[in-house]
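S.K.: Before we start, here is the structure in question, set down as structure tokens.
The values are calculated or read from the model by the stated rules, or taken from the named source; none is laboratory data. Quantities reported herein were computed from a predicted structural model and do not represent experimental measurements. Here the Cβ positions follow ideal geometry from the backbone for every residue, glycine too, while neighbour counts run over all protein chains shown. Accessible surface areas use protein heavy atoms only, side chains included; no ligands, DNA or RNA. Shrake-Rupley method; radii C 1.70, N 1.55, O 1.52, S 1.80 Å.
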Amino acid sequence: LIDPRGYTLARDAHDLERLRQHLGQQRLTVYGHSYGGLMAQAWAVAHPERVRGLILGNTVHGARDWQAQLERCKTQVQCQHPQLWTQWLAERAQGLRSDRAEFDALLGPCLEPLYWHDLSLRSRKAPPSPQPERDRLNRQVYLAMLGDDPEWRIGGALAGVEMLPQLARIK
């Protein structure tokens with residue numbers, strides 16, 4: 001899509017349904033990880049008769065849950081990276097938000113060990129893709145989905161999304 005605002009949870013769930021149709025499958029077992037878990041939930045709620053199984057890993061069930069996760073991450077940064085936390089607060093006091101590429105330099109040292117470190121081997125893992133440039137974060141889409149302050153407050157297309165009350169529809 002040319003306009004990143006076209007990326008929505010409903011659109012992604014619709015794409016998954018189109019994939020199911022293309023594959024000619026009556027029902028699917030879907031594994032959803034991270035944002036993919038939220039998308040899997042949206043698809044399953046929209047098409048409960050098409051769900052054979054739903055496996056959710058390391059995901060959230062909506063904007064409130066995602067915001068709670070952000071709050072836990074901020075607490076972790078405050079406790080484990082106090083110098084960075086002080087810098088975050090100083091930048092926020094200047095009116096700077098987390099929508100800037102420069103914020104990644106502050107966030108990176110906190111997240112990198114979670115994504116790239118194998119504690120059992122005490123070694124660095126290989127990047128998940130052989131084409132990291134192709135697979136890098138599309139900041140415009142990220143901001144359209146999560147809002148203009150995505151590491152501080154959930155907004156954008158995901159504001160108000162709450163799947164938990166609807167999950168009981170899935171058998």
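S.K.: Out of all the residues in the range 129-169, which are open to solvent by 60 Å² or more (accessible area, probe 1.4 Å) and at pLDDT 90 or above?
M.R.: Asp148, Arg153, Gly160, Leu164, Pro165, Gln166, Ala168, Arg169
S.K.: Same structure, new question: Taking the conditions exactly as written (under 15 Å from the mean Cα position of the chain (by Cα), surrounded by 12 or more Cβ atoms within 10 Å (Cβ to Cβ), at pLDDT 75 or above and not in a helix (DSSP H, G or I)), does Leu56 satisfy them or not? Explain how you work it out, then say what you get.
M.R.: Numbers: under 15 Å from the mean Cα position of the chain (by Cα): yes; surrounded by 12 or more Cβ atoms within 10 Å (Cβ to Cβ): yes; at pLDDT 75 or above: yes; not in a helix (DSSP H, G or I): yes.
The answer is yes for Leu56.
S.K.: Separate question: With the requirement that a residue be in a loop (DSSP other than H, G, I, E, B) and either buried (at least 20 other Cβ atoms within 10 Å of the Cβ) or among the basic types (Lys, Arg) (or both), what does the range 18-41 give you? Lay out the reasoning, then the answer.
M.R.: If we filter the range 18-41 for residues that are in a loop (DSSP other than H, G, I, E, B), which is where we start, we get 24-27, 34.
Of everything in the range 18-41, just one residue is in a loop (DSSP other than H, G, I, E, B) and either buried (at least 20 other Cβ atoms within 10 Å of the Cβ) or among the basic types (Lys, Arg) (or both), namely Arg27.
S.K.: Condition test on Gln67, is it assigned to a helix (DSSP H, G or I) and open to solvent by 20 Å² or more (accessible area, probe 1.4 Å)? Step through it out loud before you land on a result.
M.R.: Numbers: assigned to a helix (DSSP H, G or I): yes; open to solvent by 20 Å² or more (accessible area, probe 1.4 Å): yes.
The answer is yes for Gln67.
S.K.: Please work out which one of (1) more than 11 Å from the chain's Cα centre (by Cα); (2) buried (at least 19 other Cβ atoms within 10 Å of the Cβ); (3) under 23 Å from Ala168 (Cβ atoms) is the condition Ala46 fails and give its number.
M.R.: (2)
S.K.: Out of the range 1-16, which residues are out of contact with any helix residue (DSSP H, G or I) (no Cβ under 6 Å at 6 or more places or on another chain) and either within 13 Å of Thr59 (Cβ to Cβ) or assigned to a helix (DSSP H, G or I) (or both)?
M.R.: Of the range 1-16, the ones out of contact with any helix residue (DSSP H, G or I) (no Cβ under 6 Å at 6 or more places or on another chain) are 1-3, 6, 10-11, 14-15.
Selection gives Gly6, Ala10, Arg11, His14, Asp15.
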